[in-house]
Amino acid sequence: MNKIYCKIRHYFHPLRVGYELFLGRYFPKKLSSMRYKEHYGVDIDWKNPKTIDEKINWLKYNTDTTQWTLLADKYRVRKYVADCGLEDILVPLLGKWDRSADIDWDALPQQFVMKTNNASKSVLICKNKEQLNTAYWTKEIDKWLHYDYSREKGEIHYRTIPPCIIAEQLLDATKQPVPSSSLIDYKVWSFDGKPAYIWCCLNRTADSVEVITYDTDWNPHPEFSEDYYHFIPTDKRLPRPVTLDKMLLAAAKLSKGFPQVRVDFYEVDGKLYFGEMTFTSSAGVNGFYTHEFLLMLGRLTKLPTDNPQQH
């Protein structure tokens, strides 16, 4: 099922793309239901959700996601992190602009990361400003700012994020515990202040990324992963992060009050950095996990209607 689904998603007909964007704009719940059934072959159980994917989708449409909008905003979340007493783990901010035409390219250092605050994958990684075509990137960023990311997969909390552009310090991927072609993401699944598992992503390219899951005692669990789309389970073992205790404490603080959220971090040169907070991991279709693990994460997610005695 996974491989067939991935081929369909990868070789979309343009009409299909337009149809999904239409649903995402006007009927986002229908789009979420369709994507879920296409992958898993069954309907979402809206009345009695069990897996983390079902519960993410249930939370999207049955709860107040105002805080999701605030904290999925890559600019405004910085204040929340600071207010939680964690300002020291923020990546240094180099600038913030509301229009691409306002970017002061000359004021930026030779290396930096630039991204919009309201989407995924709209990122410019500059390693040498002398080789950067600023005219091209000004136009490209302007397109990013006017694109409604919420329509792609029914993640409606992105729709009302006031768009802007931010530039941050480029973290040095060569100063990590193990060699990786990209920054290693330590994505901490957390449940109302209780971190439970860390999903690690490394050697990310345009076409693939290696993944493995650890528990909070840093025991590897490769059995939780499935080969899915560009996610490739790895047998490599990562050393325990030197900042793991601080990482888990930060995830606990940031996730308090939310039934589930994935809090992402980096560790560079022995220092912990905050990445982002993700409330709708893979828009509620985490096909890179086994069904058993999706159920495990689902049991950790207490919905507002849950009776604690049932768990």
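The values are calculated or read from the model by the stated rules, or taken from the named source; none is laboratory data. In this text, all values refer to a predicted model and were calculated from it rather than measured experimentally. Glycine also receives a Cβ, built like all others from the backbone with ideal geometry; neighbour counts cover every protein chain displayed.
Computed quantities for the displayed model
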| quantity | calculated |
| --- | --- |
| Elements of type strands (runs of 3 or more DSSP E) in the stretch 222-294, at least 1 residues being among the basic types (Lys, Arg) and under 17 Å from the mean Cα position of the chain (by Cα) | 261-268 |
| Which listed residue, of Pro163, Pro109, is surrounded by fewer than 15 Cβ atoms within 10 Å (Cβ to Cβ) and either out of contact with any Ser or Thr (no Cβ under 8 Å at 6 or more places or on another chain) or not aliphatic (A, V, I, L, M) (or both) | Pro109 |
| Criterion: surrounded by fewer than 16 Cβ atoms within 10 Å (Cβ to Cβ) and not in a helix (DSSP H, G or I) - qualifying residue of Val91, Val42, Val17 | Val42 |
| Counted residues, the stretch 149-173 - those being over 20 Å from Val285 (Cα atoms), of a type in the set (Asp, Glu), part of a loop (DSSP other than H, G, I, E, B) and under 18 Å from the mean Cα position of the chain (by Cα) | 0 |
| Of all residues making up the stretch 131-165, the number that are polar (S, T, N, Q) and either under 20 Å from Trp58 (Cβ atoms) or in contact (Cβ under 8 Å) with a residue 60 or more places away in the chain (or both) | 2 |
| Residue match in the stretch 181-190 (condition: over 30 Å from Leu23 (Cβ atoms) and exposed (fewer than 15 other Cβ atoms within 10 Å of the Cβ)) | yes |
| Residue in the stretch 56-64 that is buried (at least 19 other Cβ atoms within 10 Å of the Cβ) and either modelled with pLDDT under 95 or touching a strand residue (DSSP E or B) at 6+ places or on another chain (Cβ under 7 Å) (or both) present | no |
| So Leu124, is it assigned by TED's automatic domain parsing to the domain that holds Gly275, of a type outside the set (Val, Ile, Thr) and either touching a Phe, Trp or Tyr at 6+ places or on another chain (Cβ under 8 Å) or assigned to a loop (DSSP other than H, G, I, E, B) (or both) | no |
| Search result, residues across the stretch 28-81 that are more than 20 Å from the chain's Cα centre (by Cα) and either under 14 Å from Met277 (Cβ atoms) or aromatic (Phe, Trp, Tyr) (or both) | Tyr40, Trp46 |
